[in-house]
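Novice: Can you read through this structure? Questions will come right after.
The values are calculated or read from the model by the stated rules, or taken from the named source; none is laboratory data. Just so it is clear, the structure is predicted and the values come from calculations on it, not from any experiment. Backbone-built Cβ (ideal geometry, glycine too); neighbour counts: all protein chains shown. For accessibility, only protein heavy atoms count, side chains too; no ligands or nucleic acids. Shrake-Rupley method; radii C 1.70, N 1.55, O 1.52, S 1.80 Å.
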Amino acid sequence: MTGDPLLEVQGLSLAFGKNKVLQNFSLTLMEGENLGILGKSGSGKSVLIKCIIRLLNPDLGIIRVFGKDISQLNQEQMDELRKDVGFLFQSNALYDSMTVKQNLEFPLRRHWSEEDRLAHAETAVQEALDDVGLSHTQHMMPSELSGGMKKRIALARMLILKPKVILYDEPTTGLDPVTGREISELILKIQNKYNTASILISHDLSCIRLTSNRVIMLIEGKNYADDTFDQLRHHADPKVKIFFRDYE
């Protein structure tokens, strides 16, 4: 990848009691890069991205987003930064009592002026739904959507603010293989259309292989190995090899 680092994590450590979840973990995310993070369930993948958007505070380490040390930002500055960092929740986090359109308009109410919302919200909602292939769903309720459709609507809601960096938390969990591949292909489409940089945390090898330019193995709380998917797949270290044991 060319360009400048958009996100840097240096020496991150976090423990819950005696459980050391992250230990001196570091990474760099470059412009236009999809960075996959593979690890076992409970290995600290979700904890890592919650630290990146400061939902959790690490015990040690520095996180820089767009060159800014997020520990030094006040709440207003952090909210402003989060406009440029999209977060796709594993559970989708759609509001059940709102229509699809209202779900997509929700972040606009938080981050846009009333004048901009009145002038541009309709167009923004339509464009975001077009991006995920669900332009016909504006007036549907989340209960009327399949699992794959809910994931696409969550993607659309995240895209509506045009983030520069996207954090994907297990984007294919709970989906059948065909729908999971469709979501993975959609992640690539988003990267190509908007030149976003992304971190994808997952234990879905097919998703990581299809979407990621580079992969980090999160093992024992550390950045244990960092390479392309195919290089890691043939890694000599048994702690890395075991992840790919049943992958063809």
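Novice: Just to be sure I understand the model, the point goes 7 Å from the Cα along the line to the Cβ. What's the resulting Asn74 to Leu55 distance in nm?
Specialist: About 2.6 nm, to one decimal.
Novice: For the chain, what is the accessible area per residue in Å², given a 1.4 Å probe and the full set of protein chains?
Specialist: On a per-residue basis, the chain sits at 50 Å².
Novice: Scan the chain and hand back the longest stretch that contains none of the chymotrypsin sites (Phe, Trp or Tyr not before Pro) lying in DSSP loops with at most 13 other Cβ atoms within 10 Å. Write out the running numbers ahead of the final one.
Specialist: Details: sites that count: Tyr95, Tyr247.
Longest stretch, sites excluded: 96-246.
Novice: Further question on the same structure: How big is D for the stretch 1-105, in µm² s⁻¹ as a whole number, if Stokes-Einstein is applied with the Kirkwood radius of its Cα pairs at 4 °C and 1.567 mPa s?
Specialist: Here the translational diffusion coefficient equals 84 µm²/s.
Novice: When the helices in the chain are scored as -39500 (n - 2.57) per DSSP H run of 4 or longer and the sum is shared across all residues, what 222 nm value do you end up with, to the nearest 500 deg cm²/dmol?
Specialist: Computed ellipticity for the chain at 222 nm equals -11000 deg cm²/dmol.
Novice: By the gyration tensor of its Cα atoms, with a ≥ b ≥ c the square roots of the eigenvalues, what is the shape of the stretch 128-200: rounded for a/c under 1.5, prolate for a/b over b/c, or oblate?
Specialist: Oblate is the answer for the stretch 128-200, as a/c is 1.5 or above yet b/c matches or exceeds a/b.
Novice: Heavy atoms of the protein only, probe of 1.4 Å, neighbouring chains included. What is the accessible area of Lys68 in Å², nearest 10?
Specialist: Here the residue's solvent-accessible area equals roughly 110 Å².
Novice: For the stretch 9-62, run through the trypsin sites (Lys or Arg not before Pro) and keep only the ones in DSSP coil with at most 10 other Cβ atoms within 10 Å of their Cβ.
Specialist: Lys18
Novice: Between the stretch 97-125 and the stretch 32-52, what is the separation of their alpha carbon centroids in Å?
Specialist: Rounded to whole Å, the Cα centres lie 30 Å apart.
Novice: Using a cut-off of 27 Å between alpha-carbon atoms, which lysines can reach Lys193, once sequence neighbours fewer than 8 places away in the same chain are excluded?
Specialist: Counting by Cα, and skipping residues close in sequence, Lys193 has these lysines nearby: Lys45, Lys50, Lys68, Lys83, Lys101, Lys150, Lys151, Lys162, Lys164.
Novice: Which of Glu31, Glu220, Glu144 moves most in a GNM of the chain, Cα contacts under 10 Å?
Specialist: Glu144
Novice: Considering only protein heavy atoms, what is the solvent-accessible area of Asp237 at a probe of 1.4 Å, reported in Å² to the nearest 10?
Specialist: Spelled out: Asp237, probe radius 1.4 Å, area about 40 Å².
Novice: Further question: Compute the FRET efficiency between Met141 and Tyr194 as 1/(1 + (r/R0)^6), taking r as their Cβ-Cβ distance and R0 = 25 Å, and round to the nearest 0.05.
Specialist: Once the sixth-power term is evaluated, E becomes 0.35.
Novice: Considering only DSSP beta bridges with both partners in the stretch 98-248, what is the antiparallel share in %, to the nearest 5?
Specialist: If I count the DSSP bridges inside the stretch 98-248, around 50 percent turn out antiparallel.
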